[in-house]
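S.K.: Take a look at this one; I'll ask things after.
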Amino acid sequence: MIIEDDREHIELILHAFRQDPGQFRVETAATLRKAREIIARESPDLIIADWNLPDGRGIDIINREDDRVTTPLIIMTGYGDERLAVEIMKSGAVDYIVKSATVFEDLPNISRRTIRFWENLQERVRAERAQQETQKRLGDILAFLPDPVLAIDTTGTVIAWNNAMEDLTGVPAADMLGKGDHEYSIPFYGER
């Protein structure tokens, strides 16, 4: 989806996508209101929005679920400066580009690259969530084993200290997890 209120820019952008063999389907809107109507019917794979629009800033189109951006967004600006770039990126956009005929011609390639980046990012987020869930499950299993369990990683840092270990030593897991330098031996031997 392209959100741009300058008709000449829209024509240049559409021309670039028509010339591209990638066969993109491009929807256009001149306002955020119109863009939201289109998005309500069908969620786009990518949004490219002008920074300044008649009814707001392009960044305002970002939709979030659980504080995560749901659709990749590229912001187009008529000028570029570092302060604006930082603001745009902190707001959740994937990238920002400065408008020019050359950039408009390259938008199909920029779009492909951004979609690949977004798909890789989403896969990494899914993998991290799965890993966190697995770690939580394993932690829950360890915590409630009837036998005292302590585990350290290869650097000697305590990574598990279950409820039975708390009962045995009188040391809460919160006080022991993350400790290194043989600190786990102090409750047993009084020294490292």
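The values are calculated or read from the model by the stated rules, or taken from the named source; none is laboratory data. None of these values were measured; they are calculated from a predicted model. Cβ sites come from the backbone with ideal geometry, for glycine too, and all protein chains shown count toward neighbours. SASA here: full protein model, heavy atoms, side chains in, ligands and nucleic acids out. Shrake-Rupley method; radii C 1.70, N 1.55, O 1.52, S 1.80 Å.
S.K.: Within the stretch 14-37, track down each residue that is basic (Lys, Arg) and surrounded by 14 or more Cβ atoms within 10 Å (Cβ to Cβ).
M.R.: Residues of the stretch 14-37 basic (Lys, Arg): 18, 25, 33-34, 36.
The answer is LYS34, ARG36.
S.K.: Continuing with the same structure: Somewhere in the stretch 49-63, is a residue in a helix (DSSP H, G or I) and either of a type in the set (A, V, I, L, M) or at pLDDT below 90 (or both)? Break it down into steps so the answer makes sense when it comes.
M.R.: Residues of the stretch 49-63 in a helix (DSSP H, G or I): 58-61.
Keeping just the survivors that are either of a type in the set (A, V, I, L, M) or at pLDDT below 90 (or both) gives 59, 61.
Yes, there is a match, as at least one residue in the stretch 49-63 is in a helix (DSSP H, G or I) and either of a type in the set (A, V, I, L, M) or at pLDDT below 90 (or both).
Residue-wise test of (1) under 30 Å from HIS15 (Cβ atoms); (2) among the polar types (S, T, N, Q).
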position	(1), (2)
ARG112	yes, no
THR134	no, yes
LEU168	no, no
PHE188	no, no
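S.K.: Across the stretch 72-82, what is the total count of residues that are open to solvent by less than 20 Å² (accessible area, probe 1.4 Å), out of contact with any Lys or Arg (no Cβ under 6 Å at 6 or more places or on another chain) and within 9 Å of ILE97 (Cα to Cα)?
M.R.: So in the stretch 72-82, the residues open to solvent by less than 20 Å² (accessible area, probe 1.4 Å) come out as 72-77.
Filter again for out of contact with any Lys or Arg (no Cβ under 6 Å at 6 or more places or on another chain), leaving 72-75, 77.
Checking which are within 9 Å of ILE97 (Cα to Cα) leaves us with 74-75, 77.
Residues flagged as open to solvent by less than 20 Å² (accessible area, probe 1.4 Å), out of contact with any Lys or Arg (no Cβ under 6 Å at 6 or more places or on another chain) and within 9 Å of ILE97 (Cα to Cα) within the stretch 72-82 amount to 3.
S.K.: Let me ask something else. If we only count helices (runs of 4 or more DSSP H) wholly inside the stretch 83-192, which ones have 2 or more residues that are surrounded by 12 or more Cβ atoms within 10 Å (Cβ to Cβ), touching a residue at least 40 places away in the same chain (Cβ under 8 Å) and of a type in the set (Ser, Thr, Tyr)?
M.R.: Counting at least 2 such residues, we get 101-143.
S.K.: Check ALA40 against each of (1) of a type in the set (Gly, Ala, Ser); (2) assigned to a loop (DSSP other than H, G, I, E, B); (3) surrounded by fewer than 16 Cβ atoms within 10 Å (Cβ to Cβ) and name the one condition it does not meet.
M.R.: (2)
S.K.: Working only within the stretch 64-82, note down all residues that are closer than 22 Å to GLU123 by Cα and in a strand (DSSP E or B).
M.R.: If the condition is that a residue be closer than 22 Å to GLU123 by Cα and in a strand (DSSP E or B), then ARG64, GLU65, ARG68, VAL69, LEU73, ILE74 are the ones that fit.
S.K.: Right, here's the next one. Every residue in the stretch 57-105 that is polar (S, T, N, Q) and farther than 22 Å from PRO44 by Cα, please. Before you say what the answer is, go through the steps one by one.
M.R.: Let us first name the residues in the stretch 57-105 that are polar (S, T, N, Q), namely 63, 70-71, 77, 91, 100, 102.
Matches in the stretch 57-105: SER100, THR102.
S.K.: Condition first: in a helix (DSSP H, G or I), under 25 Å from ASP55 (Cα atoms) and either out of contact with any Asp or Glu (no Cβ under 7 Å at 6 or more places or on another chain) or without any contact (Cβ under 8 Å) to a residue 24 or more places away in the chain (or both). Now tell me which residues in the stretch 14-35 satisfy that.
M.R.: If we filter the stretch 14-35 for residues that are in a helix (DSSP H, G or I), which is where we start, we get 14-19, 32-35.
Of the ones still in play, those that are also under 25 Å from ASP55 (Cα atoms) are 14, 32-35.
LEU14, ARG33, LYS34, ALA35, listed by residue number.
S.K.: If you don't mind, another one. Can you confirm whether the stretch 56-71 contains a residue that is touching a residue at least 40 places away in the same chain (Cβ under 8 Å), open to solvent by less than 90 Å² (accessible area, probe 1.4 Å) and among the hydrophobic types (A, V, I, L, M, F, W, C)? Reasoning before the result, please.
M.R.: Residues of the stretch 56-71 touching a residue at least 40 places away in the same chain (Cβ under 8 Å): 58, 61, 68.
Applying the additional criterion that residues be open to solvent by less than 90 Å² (accessible area, probe 1.4 Å) yields 58, 61.
With among the hydrophobic types (A, V, I, L, M, F, W, C) added as a condition, the list becomes 61.
Scanning the stretch 56-71, I find at least one residue that is touching a residue at least 40 places away in the same chain (Cβ under 8 Å), open to solvent by less than 90 Å² (accessible area, probe 1.4 Å) and among the hydrophobic types (A, V, I, L, M, F, W, C), so the answer is yes.
S.K.: Further question: Against the definition (under 19 Å from PHE117 (Cβ atoms) and surrounded by 13 or more Cβ atoms within 10 Å (Cβ to Cβ)), how does LEU46 come out, yes or no? Steps first, please.
M.R.: Working: under 19 Å from PHE117 (Cβ atoms): yes; surrounded by 13 or more Cβ atoms within 10 Å (Cβ to Cβ): yes.
Judged against the criteria, LEU46 is a match.
S.K.: Then there's this: Taking only the stretch 31-50 into account, find how many residues are hydrophobic (A, V, I, L, M, F, W, C) and under 17 Å from ILE110 (Cα atoms).
M.R.: Narrowing the stretch 31-50 to residues hydrophobic (A, V, I, L, M, F, W, C): 32, 35, 38-40, 46-49.
Pick out the ones that are also under 17 Å from ILE110 (Cα atoms) and you get 46-49.
Qualifying residue count, the stretch 31-50: 4.
S.K.: With the requirement that a residue be closer than 16 Å to SER111 by Cβ and either surrounded by fewer than 16 Cβ atoms within 10 Å (Cβ to Cβ) or free of Cβ contacts under 8 Å to residues at least 24 places away in the same chain (or both), what does the stretch 1-13 give you? Walk me through how you get there before you give the answer.
M.R.: Let us first name the residues in the stretch 1-13 that are closer than 16 Å to SER111 by Cβ, namely 1-4, 9-10, 12-13.
Across the stretch 1-13, the qualifying residue is only ILE10.
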